[in-house]
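Worksheet for the structure shown next.
The values are calculated or read from the model by the stated rules, or taken from the named source; none is laboratory data. None of these values were measured; they are calculated from a predicted model. Please note: Cβ atoms are built from the backbone with ideal geometry, for glycine as well, and neighbour counts cover all protein chains shown.
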């Protein structure tokens, strides 16, 4: 969390079909992926991992303990609040992770329960 507070978070608003692993390698800093979450945007509603950019940013903010800021950015979209509702339990669980390794353990438990 301290790293994100001091250096920020980054979301890439691009099609993954056009974004290659070489593109990721060009990015500086510590790279972390979001854990398993469900999209609530109109295009991908109910689909796992198909988050919009604002959903990804909001998820990172909630996990880092900045729920009010997540609500603020999601409030710009009429479906935004639904993302928090759909993922409430997952986001609460992931927010408890103390390390990246702990996050992976929690995600593995979630995926096993599906």
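Inclusion of residue 42 among residues that are in a loop (DSSP other than H, G, I, E, B), within 24 Å of residue 111 (Cα to Cα), at pLDDT 90 or above and in contact with a helix residue (DSSP H, G or I) (Cβ under 6 Å, 6 or more places away or on another chain) is not warranted. For the stretch 87-97, the criterion of a residue being buried (at least 17 other Cβ atoms within 10 Å of the Cβ) and in contact with a strand residue (DSSP E or B) (Cβ under 8 Å, 6 or more places away or on another chain) is satisfied by at least one position.
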